[in-house]
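For reference, the structure discussed in these notes is given below.
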Amino acid sequence: MPKPDAEVLRRRADLIDALRAIVPGEGVIVENAELRAYETDGLSVYRQVPLAVVLPETTAEVAEILKLCRRMGVKVVARGAGTGLSGGALPLEDGVVLGLSKFNRILDIDYENRAATVQPGVTNLGITRAVEHQGFYYAPDPSSQIACSIGGNIAENSGGVHCLKYGLTTNNVLGLEIVLPDGEILRLGGKHLDAAGYDLLGVMTGSEGLLGIVTEVTVRILQKPETARALLAGFSTVEQGGATVAAIIAAGVIPGGLEMMDRPAINAAEDFCHAGYPRDVEALLICELDGPAAEVDHLMGVVTGMARQHGATFLKESANDEERLKFWAGRKNAFPAAGRISPDYICMDGTIPRNQIAPVLRRMAELSDKHGLKVANVFHAGDGNLHPLILFDGNEPGQQARAEAFGADILKLCVEVGGVLTGEHGVGIEKRDLMPEMFNEDDLKQQQRLKCAFDPTQILNPGKVFPTLHRCAELGRMHVHKGRIPFPELERF
Amino acid sequence: MPVTFAPGSIDELEKTVAWAIGEGAPLEIVGAGTKRGFGRPVEAAHVLDTTRLAGIGLYEPDELVMSAGAGTPLAVIEAELAERGQELAFDPADYGLILGDEAGRQTIGGVFAANLAGSKRLKNGAARDHLLGVQAVTGYGRIVKSGGRVMKNVTGYDLCKLMAGSYGTLAVLSHLTFKVLPRAESEATLLLAGDAAKLLHALRRSVGTAYDVSAAAYLPEAAAGRSTVQGVAGAARAAVRVEGAGPSVAYRRDRLKDLLVGDGLDAAAVADEDSRALWREIRDLRLLDSAAPVLWRLSVPPTRAGEMLEALGDAGETLFDWAGGLVWLAASGLEAAPPERVRGAVREDGHATLVKAPIEIRRTIEVMPPLSPGLLALNRRVKAGFDPKGVLNPGRLYGGV
């Protein structure tokens, strides 16, 4: 992380007074014992107590806080529900945590325009809860949906099991209100489509708290499909499971969800919540098909046939909605389930081309031997998004370092086969130093120039995403060479 | 003396842009040039033509992914996809004819640079939602890449979104990687006739159902009258489209009919080839008078469609797509549909773009939707972060952008 600014640490009392002038009462947290509640997010191997925490309730307060911090040169780390898995909300010793938990109101539900406008602290599931009595829902569904906030979903461009068919957060956001570090309040998009100017809505989504603070969110809501059924298909090899996934997609079937788990993950999940999974298979697919009953029946036949053709040894279709949700409960609780079989685990998040699933799993098994640590795999197979859970014991000397080295090897492997470092969890602090595996210096500098357009003094979440910090003035410098007219021999007309 | 450069590789592209930076000589970036009649006219010394950066690089139908050079004709890509029963689900529109060029010439780079999506944008998203990766040369004269070839990727900022719809003002796209999807085996379109307000309401009701409506448009009588598809002319129509496997299409069509017919609305249906032909006519604006010199494009929340019809219906011919949220207005001149009137009707919740007008008009009025001062300033800073010397399509979108 960037070296703490001694001057900022020295002026902490002044900062706190100034914050209290903006947010009165309990909205400014300064006691060490209370600050500890904010020292980490969902990536709990990293911890840092912040300088202070401020919990504003209005956009105007957010703007004043940012202006103050910018004036005093104080860094700001935005935080939603703190469930992020890449350390995006990890505090800085010399920085303020700007928590958005008090922005928890649903502002407007407009069924006719299929849009819901909410404050960023509303949970992902909270949106669905607010509209489900009219048959609507909000499609992206990260496993943490009961707790994670929509503002955090915007910051990380969160996915979930249904994004294969319904898209990620970025494909379901219509509008934002944001506050820039200089306190300027901007509206991007709205209930209409295709905002004017550059697609800053698209850029804000997945920007990990580095560009601006989101204070209002408008999302698309959809009518729930008439029916949804899930199929469990067990295989005696991961190759068969992977081949079935590829065959389903290749046949033009886009399921509502298409997930895969390997044997360690299946058993951990089954121990944890008795979802009805077979224990004697090496790979388990969960395939959900949704739509009108006639369509689901038809597609269920197609998918079942493919699973059989690829040697499925276990097939079970959900008989009712209760059973379907039970099938999903195992998958959605895979992380806590892993927490029961191992003192610690870290969850990786690479994405690979689907046809690389089996070879990557094979090489992951070799890496597991090399690093001497076990791994359980759950993943969004339909879109090639892997979640290897590396199991370790943080109390054993050296195990955490080995787990991190194992994780880095897995992500490098993902990039090597044509994939990427992170599919839905974000870069944060966790994958920051691996960015050069995917991007060269020019690529990274250009991304940072975009940051400079939003945050020229770089007070928002510095130290995350980019392995090397450059000053904006340095990034803007340009070396101009006068030269000959290029390749005059080429055709010109 | 203006020169046209046509680099044939990313390295040549990089050299060309670096040269232009050195000379302080702005470039107009064009593919097939079919959208030159749209937007603010670019004041550039030279032309950079991307059509030699052509060819499909990777196409893996089973992985639902393709990549191609920016100059590859869309027609080539669509033909290749059709062979494998796939398509670009964002339904790229072809405005060649309405903009006074020919149809079928545009490049894939132009489609993404303009973020062009057609009627199915309603369900499937815009071009920007399907762009997975880009390689481009920025106004720093450097090759950069962003994204990748997989569907799910949050590694770094999503520069693909920024490139889509940037009209070549930030970087020159050289290669694009995008998502492709299976084409529906069949489709049907419900054609409703009746009172305008009821038809617009029916569009909104249809997309609020679970029947997966992929497109929904309102055709005033003049627009319907231009259709070559049997059964469309003769009255104002609402068209509601469903796609998918045969039995599912029939089921959804019938459910929608049960829901929407009655209360003064009648319904007929067209299927498959007729349905596709009608939606091509709607998407490519064949149902508007292509000779009309002025064309406005309005984006509003669908519930405001009736208000737009009321306010602007007598200013020219109209066509409503995206369940009423996309409004086209073709007018005989700017006198009939001046910016104050059109933008005055849209107000804040939406925006209006002057898509087509004589060049002298496009020089003098803001053709892109006006931005708030703060947003315009941020757009300018973004532009400066990619193209500090302003050599790439300067002023294509806004002054200084």
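Counting only residues that are more than 7 Å from every other protein chain (Cβ to nearest Cβ) and in a loop (DSSP other than H, G, I, E, B), how many does the stretch A:419-458 have?
Residues meeting the conditions: 10.
Looking at the structure I just gave you, is A:Ile346 β-branched (Val, Ile, Thr) and open to solvent by 50 Å² or more (accessible area, probe 1.4 Å)?
no
How many residues does the stretch A:323-343 contain that are of a type in the set (A, V, I, L, M) and open to solvent by 60 Å² or more (accessible area, probe 1.4 Å)?
The total comes to 2.
Here are some residues: A:Leu176, A:Leu186. Which one is open to solvent by less than 20 Å² (accessible area, probe 1.4 Å), assigned to a strand (DSSP E or B), modelled with pLDDT of 95 or more and facing chain B (nearest Cβ under 7 Å)?
Only one candidate passes the filter, namely A:Leu186.
Picking from B:Ala267, B:Ala292, B:Ala277, B:Ala311, which residue would you name as being out of contact with any strand residue (DSSP E or B) (no Cβ under 6 Å at 6 or more places or on another chain), farther than 17 Å from B:Ala352 by Cα and either assigned to a loop (DSSP other than H, G, I, E, B) or among the small types (Gly, Ala, Ser) (or both)?
B:Ala277
Criterion first (of a type outside the set (A, V, I, L, M, F, W, C), part of a helix (DSSP H, G or I), away from every other protein chain (no Cβ under 14 Å) and within 30 Å of B:Asp254 (Cα to Cα)) does B:Arg304 satisfy it?
no
Has the stretch B:300-318 got any residue that is open to solvent by less than 10 Å² (accessible area, probe 1.4 Å) and touching an Asp or Glu at 6+ places or on another chain (Cβ under 9 Å)?
yes
Output yes when any residue across the stretch B:59-69 is part of a loop (DSSP other than H, G, I, E, B) and surrounded by fewer than 17 Cβ atoms within 10 Å (Cβ to Cβ), and no when none is.
no
For the stretch A:251-296, give me each residue that is under 27 Å from B:Asp254 (Cα atoms), in contact (Cβ under 8 Å) with a residue 24 or more places away in the chain and in contact with a Phe, Trp or Tyr (Cβ under 7 Å, 6 or more places away or on another chain).
Residue satisfying the conditions is A:Pro292 alone.
Keeping to the stretch B:202-245, report how many residues are within 14 Å of chain A (Cβ to nearest Cβ), outside any loop (DSSP other than H, G, I, E, B) and open to solvent by 30 Å² or more (accessible area, probe 1.4 Å).
Qualifying residue count, the stretch B:202-245: 3.
Is at least one residue of the stretch B:387-401 assigned to a helix (DSSP H, G or I) and away from chain A (no Cβ under 12 Å)?
no
Which ones in the stretch B:70-115 are part of a helix (DSSP H, G or I), open to solvent by 10 Å² or more (accessible area, probe 1.4 Å) and closer than 15 Å to B:Ala126 by Cβ?
Those that are part of a helix (DSSP H, G or I), open to solvent by 10 Å² or more (accessible area, probe 1.4 Å) and closer than 15 Å to B:Ala126 by Cβ: B:Gly110, B:Ala113.
Determine which single condition B:Lys152 fails, assuming it passes every other condition in (1) within 23 Å of B:Arg396 (Cβ to Cβ); (2) open to solvent by less than 20 Å² (accessible area, probe 1.4 Å).
Condition not satisfied by B:Lys152: (1).
One line per residue, one yes/no per condition, for (1) assigned by TED's automatic domain parsing to the domain that holds A:Glu177; (2) open to solvent by less than 10 Å² (accessible area, probe 1.4 Å); (3) more than 25 Å from the chain's Cα centre (by Cα):
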| residue | (1), (2), (3) |
| --- | --- |
| A:Glu216 | yes, no, no |
| A:Ala233 | no, yes, yes |
| A:Ser236 | no, no, yes |
| A:Asp262 | no, no, no |
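Anything in the stretch A:290-322 that is among the charged types (D, E, K, R) and either touching a strand residue (DSSP E or B) at 6+ places or on another chain (Cβ under 8 Å) or open to solvent by less than 30 Å² (accessible area, probe 1.4 Å) (or both)? List them, or say none.
Selection gives A:Asp290, A:Glu295, A:Arg308, A:Lys316, A:Glu317, A:Asp321.
Any residue in the stretch A:5-25 that's free of Cβ contacts under 8 Å to residues at least 60 places away in the same chain: show its pairings with residues that are open to solvent by 30 Å² or more (accessible area, probe 1.4 Å) and charged (D, E, K, R) at Cβ separation under 8 Å, as long as the two are six or more apart or on different chains.
Qualifying pairs under 8 Å: A:Ile22/A:Glu61; A:Ile22/A:Glu64; A:Val23/A:Glu57; A:Val23/A:Glu61.
For B:Ile56, which of the numbered conditions (1) under 30 Å from B:Leu295 (Cα atoms); (2) more than 9 Å from chain A (Cβ to nearest Cβ); (3) in contact with a strand residue (DSSP E or B) (Cβ under 6 Å, 6 or more places away or on another chain) fails to hold?
Only one criterion is unmet by B:Ile56, namely (1).
Which residues, counting only those in the stretch B:126-143, are facing chain A (nearest Cβ under 7 Å) and open to solvent by less than 10 Å² (accessible area, probe 1.4 Å)?
B:Ala126, B:Thr138
Report the residue count in the stretch B:155-201 for those that are open to solvent by 10 Å² or more (accessible area, probe 1.4 Å) and more than 13 Å from chain A (Cβ to nearest Cβ).
Number satisfying all stated conditions: 8.
Criterion first (closer than 27 Å to A:Lys374 by Cβ, touching an Asp or Glu at 6+ places or on another chain (Cβ under 9 Å) and without any contact (Cβ under 8 Å) to a residue 24 or more places away in the chain) does A:Glu416 satisfy it?
For A:Glu416, the condition - closer than 27 Å to A:Lys374 by Cβ, touching an Asp or Glu at 6+ places or on another chain (Cβ under 9 Å) and without any contact (Cβ under 8 Å) to a residue 24 or more places away in the chain - is met.
Answer yes if at least one residue in the stretch A:364-384 is surrounded by fewer than 24 Cβ atoms within 10 Å (Cβ to Cβ), closer than 21 Å to A:Val245 by Cα and more than 14 Å from chain B (Cβ to nearest Cβ), and no otherwise.
yes
For B:Glu335, only one of the following conditions fails: (1) within 14 Å of chain A (Cβ to nearest Cβ); (2) of a type outside the set (S, T, N, Q); (3) open to solvent by 10 Å² or more (accessible area, probe 1.4 Å); (4) outside any helix (DSSP H, G or I). What is its number?
Every listed condition holds for B:Glu335 apart from (1).
Could you identify the single residue in A:Ala147, A:Ala139 that is in a loop (DSSP other than H, G, I, E, B), in contact (Cβ under 8 Å) with a residue 60 or more places away in the chain, touching a Phe, Trp or Tyr at 6+ places or on another chain (Cβ under 7 Å) and not assigned by TED's automatic domain parsing to the domain that holds A:Gly428?
The match here is A:Ala139.
Using the structure shown, decide if B:Leu122 is open to solvent by 10 Å² or more (accessible area, probe 1.4 Å) and touching a helix residue (DSSP H, G or I) at 6+ places or on another chain (Cβ under 6 Å).
Yes.
The values are calculated or read from the model by the stated rules, or taken from the named source; none is laboratory data. Please read these numbers as outputs of a predicted model, since none were measured by experiment. Neighbour counts are summed over all protein chains in view; Cβ atoms, including those assigned to glycine, are modelled from backbone coordinates with ideal geometry. Calculation scope for accessible area: heavy atoms of the full protein, side chains included, ligands and nucleic acids excluded. Shrake-Rupley method; radii C 1.70, N 1.55, O 1.52, S 1.80 Å.
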